[in-house]
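The values are calculated or read from the model by the stated rules, or taken from the named source; none is laboratory data. As the structure is a computational prediction, the values presented were derived from the model and not from experiment. A quick note on method: Cβ atoms are made from the backbone with ideal geometry, for glycine too, and the neighbour counts reach across all protein chains shown. For accessibility, only protein heavy atoms count, side chains too; no ligands or nucleic acids. Shrake-Rupley method; radii C 1.70, N 1.55, O 1.52, S 1.80 Å.
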Amino acid sequence: MKARVYVMPKAGVLDPQGKAIGHALEGLGFAGVGEVRAGKVIELELAETDAAKAKAAAEEMARRLLANTVIESFRVEVL
Amino acid sequence: MKARVYVMPKAGVLDPQGKAIGHALEGLGFAGVGEVRAGKVIELELAETDAAKAKAAAEEMARRLLANTVIESFRVEVL
Amino acid sequence: MKAVVVVFPGTNRERDMAIALERATGRKPVMLFHRETALPAGTDLVVLPGGFSYGDYLRCGAMAAQSPIMREVAGFAAKGGHVLGVCNGFQILCEAGLLPGALLRNASLRFLSMDCHMRVERAGTPYTAHWQQGAVFRAPMAHGDGNFFCDDETHARLVAENLVAFRYCTPEGTLTDAANRNGARDNIAGIVSPNLRVCGLMPHPEDLVDPLMGGTDGLPMFTSLVDSLAAA
Amino acid sequence: MSLPAPLDPARARKLSAEFGLKGDEYDRVLAILGRTPSLTELGIFSVMWSEHCSYKSSRVWLRTLPTKAPWVIHGPGENAGVIAIGDGLAAIFKMESHNHPSFIEPYQGAATGVGGILRDVFTMGARPIANLNALRFGSPDAPRMKRIIDGVVRGIGGYGNCVGVPTVGGEVNFHPAYNGNPLVNAMTVGIAPADRIFLSAAAGIGNPVVYVGSKTGRDGIHGATMASAEFSADAEEKRPTVQIGDPFVEKLLIEACLELMATDMIVAIQDMGAAGLTSSSVEMAGKGGVGIELALDNVPQREIGMTAYEMMLSESQERMLMILKPGREAEAEAIFRKWELDFAVIGHLTDTGRIVIRHKGAIEADIPLAPLESEAPLYRRPTAETPRQPVLDATTIADPVGITAALQTLVGSLDLCSRRWIWDQYDSTVGGQTVQRPGGADAAVVKLEGLKRGLAMTTDCTPRYCLADPEEGGKQAVAEAWRNLTAVGARPLAITDNMNFGNPEKPEIMGQFAAAVRGMAAACTALDFPVVSGNVSLYNETNGAAILPTPAIGGVGVLEDAAQAVGLALEPGLDLVVIGDT
Ligand SMILES: Nc1ncnc2c1ncn2[C@@H]1O[C@H](COP(=O)(O)OP(=O)(O)O)[C@@H](O)[C@H]1O
């Protein structure tokens, strides 16, 4: 199965990258752009065929490695 | 509206980060992990209220700035 | 030779570049802020120096490539002007489409700050005139994203048209994987445009132009430019 | 004028303890105000009287350090130390710790440590020309330690490389005593014209108080608030205590500040360090003997619904506070807009001698500044001498392995093995002036652009010596810094220090501190090598076990001609000479 782990800066945590992207979009003339947040996606090929188990495994990977839970939150999707 | 732009390395483009994550997961004892790809998500708050227009705008942002189509492909989702 | 050094927000090797240019030309380059919308009259060479323009956020060089001044730089290049991009400047040139390819994260995922050796693969350009074909020289590198990548087609063209200017090598001049610290495709450290006027490379010849800082290996690039451009 | 809304008296006392104030310290707050404080006032007192801001346990000892020499322009007390180095120039430098944040979030903790010390230096008008660091890690096998080491090293590099200040030296030790408490000490050296040093004392009644840099968020507001659900009814987990650094903004801030400093618009300037707006406004007004009034509605804010308390205690990074000459706001603003930074007039100086904080039409704090400083707690804590260790006679010690094996073991040991993997991640050449890079000499050497002159710099301390004998260890650390500077051919001029110790309420720890200061003072006096700046980090303990006493020393010296700098690489055919007794 395929799992996608989305990792975003937690609400309230400064996101310098998102801020800079927002500025740049404005500079390019895009109007009506509010807050911009920048995060990561990690796509995993998993041998596991049970969706629930795959999700649990990916969540464990996120907790242990993919996300820094001090400043980031994550969400897992299984495809 | 909120738009999410997913940016992934194109097939065939080296993804050192994905590879390193794959290695690290193995090192942590996670079994059955195949290919790992690492990409970006950019979440945008848009003033636009029409979903189709918001999507078109986000796609334009992706083409012009958020993705480098030499090495990356992108996908836009409107929430 | 009238040189212009473009300063983007976050550029940080503009002073190093100015010192090297002054050493070779005897005159200070013009420092041009990225918001300017015109190059000074009589500009011979535009340099995009190293640094972390826009913090290297999103992709290195991506936001700087969209700066107002880059439209001018592209026009200047289109008219046959000389444009040099070093490190972040190389990344900006690729992002702006003035040179092909892209610079990915170093294969080790680490920032690499060390001296490296390069072999001159294309002598006789305005940037390499003072080196012999195959000459080996040393320069510091300092980057997190210097892993040159291009697709097969582009690579074939670069090779066929002899547009690879520099390759990473051992001090003896051998191309090895170990000498290719950032993992660049085919050990490519720097390339030139088909008209040989636009050049981009990752390492910093401008940081090795004074014996006091460890050598003058980088100086030939600047003296080459002076000769080529004074003659032009 | 209306008074700030006081807390309920019983709650205020309970909260004051949570904020770290002792009972008698809180009594002093009541006496100064003549009433129960508001939440914002309690927050201001607690941070100003914290160990970190008030140096209440260490001050009596720090005073005994020699701080004067003919070349010292500003000693301790300013944002950084300032010494004359010739050619009309001054070197401005300081070292600062970011120990606890680096344990919580190694990358960001170390990165923001570098950002903070850079601001301390450029706020005085200097262009930073070099960074150094002094790191102490636990055993690499201890839980989390590999990630801490990796994160700290990447964080230091990530910030320094991006702002374009070369990281030219440092030192690293490993010891299990740092397992739960690694030390991250960062040092910055900058250069300014000796007659254009910017200080922090506010002056000029009515002059505008200006905020520049990044917006204020809820970063780093101290743990106590997180614990009291009342202030964060909307989910505590939304309130991270971790500060995130933005080196890109710092780089812009350096350029914008230096551009503004080239004009004559600035009266006083200070970075917002720990407890940002509180410490900067209180210290600037206090030093200048004036009052200050802030309108928090004007503070650039990153988050919605921030309270006065949160804004005053926020530790958001990359912010500065300035007093401008009247009528110059628009000119100054243009410079900061050019660099895409926030700029806001958030208050003015008054003749009341008080700090008054207004927010949303209410007065949130109104505190007299003089007693906030003069009544600040100052402790002469009990000290216990470190027991003397027996002196070993080297000639009587058996040699079970032989000199070759011993040498191999030593060279391969954690404390002596190569540090190349660390400095290979630090840009040591940006600026084009680095004459001796890491690994090249006993001290780093950086030339001054356009001049022959160069500066040598080093960080030194051997904590195990300090554990065995803190006085000799303190002496040794200063002497080693001095030797490393002389070894490259520089004339040593002055030091900064970073005193990292355990809980000062324990007599044996305070004894280590006092002895280390004694040793440092003796060495500084003997070598004419004064202390011009420094930082103290106490309470470095985990489960009651303290770190090794670690008085890290940062030394700076001058070379009239940087070309005379000597490295340590041996060349064939040279004679080896040993100087001094072995
Ligand atoms: N954390 C660090 N950052 C940068 N350079 C470092 C660091 N640690 C050590 N170095 C460099 O490595 C070299 C060797 O360090 P060290 O063993 O402490 O030297 P010494 O014992 O001669 O003082 C020195 O040049 C020093 O500046």
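No other residue among D:Val478, D:Val517, D:Val532 is touching a helix residue (DSSP H, G or I) at 6+ places or on another chain (Cβ under 9 Å) and closer than 21 Å to D:Gly170 by Cα apart from D:Val478.
Inside segment D:76-109, can you point out the residues that are open to solvent by less than 20 Å² (accessible area, probe 1.4 Å) and more than 12 Å from the chain's Cα centre (by Cα)?
At the first step, the residues of segment D:76-109 found to be open to solvent by less than 20 Å² (accessible area, probe 1.4 Å) are D:79-83, D:85, D:90-95, D:97, D:99, D:102, D:105-106, D:109.
Selection gives D:Val82, D:Ile83, D:Ile85, D:Ala90, D:Ala91, D:Ile92, D:Ser102, D:Glu105, D:Pro106, D:Gly109.
For A:Glu48, state whether it is of a type outside the set (S, T, N, Q), at the interface with chain B (Cβ under 7 Å from one of its Cβ atoms) and in a loop (DSSP other than H, G, I, E, B). So A:Glu48 fits the description; yes. Filtered by the rule that a residue be surrounded by 20 or more Cβ atoms within 10 Å (Cβ to Cβ) and of a type in the set (A, V, I, L, M, F, W, C), segment C:134-167 gives C:Phe137, C:Ala139, C:Met141, C:Ala142, C:Phe148, C:Phe149, C:Cys150, C:Leu158, C:Leu163, C:Val164, C:Ala165, C:Phe166. Each residue in segment D:100-156 was checked for being outside any helix (DSSP H, G or I) and within 16 Å of the ligand (Cβ to nearest atom), and 12 of them qualify.
Quickly run through segment C:210-223 and pick out the residues that are in contact with a Leu (Cβ under 6 Å, 6 or more places away or on another chain) and either within 19 Å of C:Thr125 (Cβ to Cβ) or within 8 Å of another protein chain (Cβ to nearest Cβ) (or both).
From segment C:210-223, those in contact with a Leu (Cβ under 6 Å, 6 or more places away or on another chain) are C:215, C:217-218; that's our starting set.
Selection gives C:Asp217, C:Gly218.
Taken together, D:Leu448, D:Leu392 contain a single residue that is away from the ligand (no atom under 16 Å from the Cβ) and at pLDDT 95 or above, which is D:Leu448.
Hey, any hits in segment C:51-74 for a residue that's assigned to a loop (DSSP other than H, G, I, E, B), more than 19 Å from D:Lys338 (Cβ to Cβ) and of a type in the set (Gly, Ala, Ser)? Walk me through how you get there before you give the answer.
So the first thing to find is which residues in segment C:51-74 are assigned to a loop (DSSP other than H, G, I, E, B), and the list is C:52, C:57-63, C:67.
Next, from what is left, pick out any that are more than 19 Å from D:Lys338 (Cβ to Cβ): C:57-62.
The next check asks that each one be of a type in the set (Gly, Ala, Ser); those that pass are C:61-62.
Taking every residue of segment C:51-74 in turn, at least one turns out to be assigned to a loop (DSSP other than H, G, I, E, B), more than 19 Å from D:Lys338 (Cβ to Cβ) and of a type in the set (Gly, Ala, Ser).
Is there a residue being in contact with a Leu (Cβ under 6 Å, 6 or more places away or on another chain), away from chain D (no Cβ under 14 Å) and either surrounded by fewer than 16 Cβ atoms within 10 Å (Cβ to Cβ) or assigned to a strand (DSSP E or B) (or both) anywhere in segment C:168-188? The answer is yes; a qualifying residue exists. Among the residues of segment D:404-438, those that are in contact with a Gly (Cβ under 9 Å, 6 or more places away or on another chain), among the small types (Gly, Ala, Ser) and within 13 Å of the ligand (Cβ to nearest atom) comprise D:Ser418, D:Ser428.
Comparison of D:Pro377, D:Pro400, D:Pro463 shows that the only residue that is loosely packed, with under 11 Cβ neighbours inside 10 Å, more than 11 Å from the ligand (Cβ to nearest atom) and not hydroxyl-bearing (Ser, Thr, Tyr) is D:Pro400.
Looking for whichever is touching a helix residue (DSSP H, G or I) at 6+ places or on another chain (Cβ under 6 Å) and not aromatic (Phe, Trp, Tyr) here; the options are C:Gly50, C:Gly75. Which one fits? Please lay out each step first, then the result.
On the way: C:Gly75 fails: touching a helix residue (DSSP H, G or I) at 6+ places or on another chain (Cβ under 6 Å).
Selected residue: C:Gly50, the only one of C:Gly50, C:Gly75 that is touching a helix residue (DSSP H, G or I) at 6+ places or on another chain (Cβ under 6 Å) and not aromatic (Phe, Trp, Tyr).
When segment D:147-201 is filtered for residues that are among the small types (Gly, Ala, Ser) and open to solvent by less than 10 Å² (accessible area, probe 1.4 Å), the ones remaining, listed by number, are D:Gly151, D:Gly155, D:Gly157, D:Gly160, D:Ala186, D:Gly190, D:Ala192, D:Ser200.
Only one of these is open to solvent by 60 Å² or more (accessible area, probe 1.4 Å), within 7 Å of another protein chain (Cβ to nearest Cβ), within 15 Å of the chain's Cα centre (by Cα) and not acidic (Asp, Glu): B:Val41, B:Val70, B:Val36. Name it.
Numbers: B:Val41 fails: open to solvent by 60 Å² or more (accessible area, probe 1.4 Å); B:Val36 fails: open to solvent by 60 Å² or more (accessible area, probe 1.4 Å).
Selected residue: B:Val70, the only one of B:Val41, B:Val70, B:Val36 that is open to solvent by 60 Å² or more (accessible area, probe 1.4 Å), within 7 Å of another protein chain (Cβ to nearest Cβ), within 15 Å of the chain's Cα centre (by Cα) and not acidic (Asp, Glu).
Of everything listed in (1) within 14 Å of chain C (Cβ to nearest Cβ); (2) in contact with a helix residue (DSSP H, G or I) (Cβ under 8 Å, 6 or more places away or on another chain), the single unmet condition for D:Arg420 is (2). Listed here are the strands (runs of 3 or more DSSP E) enclosed by segment D:464-582 that have at least 1 residues being over 17 Å from D:Gly81 (Cα atoms) and among the small types (Gly, Ala, Ser): D:531-537.
Among the residues of segment C:99-133, those identified as open to solvent by 40 Å² or more (accessible area, probe 1.4 Å) and under 21 Å from C:Leu225 (Cβ atoms) are C:Arg119, C:Arg122, C:Gly124, C:Ala129, C:His130, C:Gln132, C:Gln133.
Looking for whichever is more than 16 Å from the ligand (Cβ to nearest atom), touching a strand residue (DSSP E or B) at 6+ places or on another chain (Cβ under 6 Å) and modelled with pLDDT under 95 here; the options are D:Gly204, D:Gly180. Which one fits?
On the way: D:Gly204 fails: modelled with pLDDT under 95.
The match here is D:Gly180.
Among residues of segment D:164-189 that are among the charged types (D, E, K, R), those with a Cβ under 6 angstrom from a residue that is within 13 Å of the ligand (Cβ to nearest atom), sequence gap 6+ or separate chain, pair up as D:Glu171/D:Ala134; D:Glu171/D:Thr459. Apart from one condition, D:Gly23 fits all of (1) surrounded by fewer than 19 Cβ atoms within 10 Å (Cβ to Cβ); (2) within 20 Å of D:Gly502 (Cα to Cα); the exception is (2).
Selection of segment D:308-342 for residues being surrounded by fewer than 18 Cβ atoms within 10 Å (Cβ to Cβ) and either in a strand (DSSP E or B) or in contact (Cβ under 8 Å) with a residue 12 or more places away in the chain (or both) yields D:Lys325, D:Pro326, D:Glu329, D:Glu331, D:Lys338, D:Glu340. Exactly one residue out of C:Asp56, C:Asp44 is open to solvent by 30 Å² or more (accessible area, probe 1.4 Å) and in contact with a Cys (Cβ under 8 Å, 6 or more places away or on another chain): that is C:Asp56.
Taking the condition more than 16 Å from the ligand (Cβ to nearest atom), within 14 Å of another protein chain (Cβ to nearest Cβ) and among the acidic types (Asp, Glu), does D:Glu505 pass?
Numbers: more than 16 Å from the ligand (Cβ to nearest atom): yes; within 14 Å of another protein chain (Cβ to nearest Cβ): no; among the acidic types (Asp, Glu): yes.
Against the criterion (more than 16 Å from the ligand (Cβ to nearest atom), within 14 Å of another protein chain (Cβ to nearest Cβ) and among the acidic types (Asp, Glu)), D:Glu505 does not qualify.
Among residues of segment A:19-31 that are within 8 Å of chain C (Cβ to nearest Cβ), those with a beta-carbon under 9 Å from a residue that is polar (S, T, N, Q) and open to solvent by 20 Å² or more (accessible area, probe 1.4 Å) at least six positions away or on a different chain give the pairs A:Ala24/C:Gln66; A:Gly27/C:Gln66; A:Leu28/C:Gln66. Restricting attention to segment A:9-18, the residues that are more than 7 Å from every other protein chain (Cβ to nearest Cβ) and touching a residue at least 24 places away in the same chain (Cβ under 8 Å) add up to 1.
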